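> Questions regarding the structure given below will be posed in turn.
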Amino acid sequence: MDDHKTDQENAELLDRPVQLALRLDSPLRGDVNNDRALMAYSLFGLSKDKVESLPTYDDGKVKIEVRAPRDVGVATIWDKSVLIYAVSLLREKMAEGKMGPEVGKLHFTTSDLQRIVGKTAGGSAYDKIEGALERLQGTQIKTNLEAGGEGESGAFSWISDYKLLYRRGKKDGERQVRGLTLVLSNWVVRAALGNNLLTYSEDYFALKPIEKRLYEIARAHLGHGNAFWMALEPLRKRVGSDNDLRKFKNALGPVLQADRIPGYGVRIVETAEYKELMTARGATIARVLNADLPVIFWRKDAGEPESWIDIPRVEFDEVV
């Protein structure tokens, strides 16, 4: 959909009496962006199953707790797409000098949201979008991660308020969502207006959940360098998997073999290769734990490094 057609649709929406007071912030014309911390760490569920909390993340420096009412469930990585779109819109408004008195308040069409993040098959668009917004509002995050160079003590939600604008279908009477209004929380606003935003590949939204997380981790940690490695157990926690390590490693196999992560390659260094290299360097290796196996990330345009041993290791929040 081109910008001219989208602008026409927006104008049609504004002609409807219920929406005369709205000045739409869509379409999004620039890049899709997100805060680097929201790429480096997992704060969203990887499954569509309704869960009231995620495993607590604590690496000794960063701690993240995510919970939600049982009947709502925590926001998922699919819901994150809505948040990414909203952050990108807000950033674009700032760049264009169009910030109003309510900084985090956005009005946009669902057609433009779907143009960016794609359409999800099955179920009504109204129910899916309303479910995503309900989870984004209902999820409570408690973390020492800073946003926009500032931190806060306490819990926050992704959005503080939302409203869906709809009309009834002429034939079936079903609600058809046309646009929505949402208010981003102060934490998200600080992140969106800070200096730690990174762009996304346009192929990101077509990826599967684990592929999305691997892409975000690579994007967050590869700044000027070409490659890094992370041990398998810390990676499991960064991805946000609640599987045990063996199941996580098995699940990674077909994902890495498919090689669909845009711009980045990822590979697990298996036990035999690990022992061979370490033995050649004079180390005595009796046993290699799966948790310690290196996982190599590299830029595809630079090529896979010859060995993991000579590239930087990421343990916490390093940018290489």
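> Express the accessible area of the chain per residue in Å², computed with a 1.4 Å probe while the remaining protein chains stay in the model.
Accessible surface, normalised per residue, equals 50 Å².
> What percentage of the solvent-accessible surface of segment 204-302, computed with a 1.4 Å probe over protein heavy atoms, is contributed by carbon and sulfur atoms?
The C+S portion of the solvent-accessible surface of segment 204-302 is 48 percent.
> Convex hull volume of the Cα atoms in segment 11-199, per residue, in Å³?
On the way: hull volume 24.2 nm³, N = 189.
That works out to 128 Å³ per residue.
> With Cα Rg over 2.2 N^0.38 Å defined as stated, name the option among [x] 1.25; [y] 1.08; [z] 0.96 computed from the structure displayed.
Looking at Cα Rg over 2.2 N^0.38 Å for this model, the match is [y].
> Right, here's the next one. What number, rounded to the nearest 500 deg cm²/dmol, is the helix-based mean residue ellipticity at 222 nm of the chain, given -39500 (n - 2.57) per DSSP H run of at least four residues and division by all its residues?
-10500 deg cm²/dmol
> Working with all protein chains in place, sort Lys50, Lys212, Lys170 by solvent-accessible area computed with a 1.4 Å probe, largest first.
Reading off the accessible areas and sorting them downward yields Lys170, Lys50, Lys212.
> Related question: Angle check, please: helix 125-138 long axis (alpha carbons) against the longest principal axis of the chain (alpha carbons), in degrees 0 to 90, nearest 10.
70 degrees
The values are calculated or read from the model by the stated rules, or taken from the named source; none is laboratory data. Everything numeric in this text was worked out from a predicted model, so none of it was measured. Keep in mind that these areas ignore ligands, DNA and RNA; they rest on the heavy atoms of the full protein, side chains included. Shrake-Rupley method; radii C 1.70, N 1.55, O 1.52, S 1.80 Å.
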